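The values are calculated or read from the model by the stated rules, or taken from the named source; none is laboratory data. In this text, all values refer to a predicted model and were calculated from it rather than measured experimentally. Note: areas computed on protein heavy atoms with side chains; ligands, DNA, RNA excluded. Shrake-Rupley method; radii C 1.70, N 1.55, O 1.52, S 1.80 Å.
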Amino acid sequence: AEGQGALRDLVAGLEDQLADARSELLGHAHCVGLKIDASYDQQVRDGVSRASFDLQLREDVCLALKIPKNNVQVIAHHRGSVMAEVKFSPVQPSSGMVPLRTGKMLAEELVALAANKGGVLYEGAVGKLIVGCEGHGPISDATAAAVKACLGERDRDVFWMEEELRKGEEKLRAVEESNWAAIESLERQNQFLKVQHEDEVRVAVGQAVGESAELMLSAREELQRDLDRELEVVKAEAAARVQALAQQQEEQVRNLEKKVAEKEAEMASMRGNLSQMEVAMSVQSKGIDHAKDAERAAERERAKLRGAMAQVNDLIVPEIR
């Protein structure tokens with residue numbers, strides 16, 4: 001009886017430990033990092049586009065794993081195409097016949113599905129854009145909630161900054177419009193003053209022209225007389241220079257004619273020498289021809305002599321033997 005009681009206590013303790021382990025196991029979620037070939041600015045830049053993107057991604061993943069959508073949560077995004085951090089919560093069995101699927105199991109199943117490029121995961125609108133998948137390990141719900149809260153605060157900060165930027169741009173446009181209005185007013189005043197100044201200048205110029213007309217006429221006559229005197233001097237100097245140049249050119253022509261005569265005499269002498277050289281070369285060419293004839297005759301005589309020597313050898317050698 002004591003042994004049976006101890007055994008029941010042991011079984012009860014093991015059941016309690018199993019229940020604790022089961023509870024702990026069910027309480028841990030697992031994360032998977034997905035790399036999605038899409039533009040970050042177009043897909044998840046603002047809250048509306050991010051919510052639509054997350055919903056479609058959750059639907060594609062849940063359809064591939066055959067699990068409810070409340071067991072999948074997208075907790076973070078960052079650049080690099082689009083890097084999405086997906087959290088899986090354990091799926092509670094609906095009956096004793098259905099096995100438990102922990103967050104780790106679901107994460108491993110998704111990694112395996114992502115490795116099959118033709119699988120059901122790639123049939124979804126966002127699923128077909130997945131180009132990378134890796135497990136990132138367990139994460140508590142409290143940590144995931146803190147991350148989501150932090151990202152929510154960041155989104156609100158970004159919205160506030162964009163709102164401030166928009167207000168600043170509106171103020172800047174108002175200042176620019178005010179500045180342009182002031183510039184246009186200054187330009188109109190400047191144009192008025194310019195016209196007024198031009199009128200005053202025209203009146204002053206007319207008065208100055210009337211007063212200086214006689215002075216200008218007198219000055220023009222005096223200037224013409226000075227120009228006439230200077231022209232006469234220039235003409236005289238030019239005539240003297242022309243005469244001097246003519247004399248120099250005549251002297252140069254005489255010198256050139258003398259040099260031409262000398263060159264012609266040298267050419268005549270060179271022609272005579274050339275004729276003598278041609279006669280000498282003709283005579284020498286004839287001597288060379290006679291020498292070649294003599295050499296050919298001597299070659300014929302040597303050939304005859306060699307033939308005679310061969311005949312003598314033919315007669316003497318047999319006798320000697």
Per residue accessible area of the range 30-137, 1.4 Å probe, in Å²
50
Can you tell me which lysines have their Cα less than 24 Å from the Cα of K286? Leave out same-chain residues fewer than eight positions away.
none
Leaving ligands, DNA and RNA out of it, report the carbon-plus-sulfur percent of the accessible area of the range 232-319 at a 1.4 Å probe.
60
Calc'd 3J(HN,Hα), the range 299-308, phi into Karplus 6.51 cos²θ - 1.76 cosθ + 1.60 (θ = phi - 60°), Hz, glycine/Pro = x, comes to 5, 5, 5, 5, 5, 4, 4, 4, x, 5
Lysines near K292 by alpha-carbon distance under 23 Å, same-chain residues fewer than 8 away left out - which ones?
K304
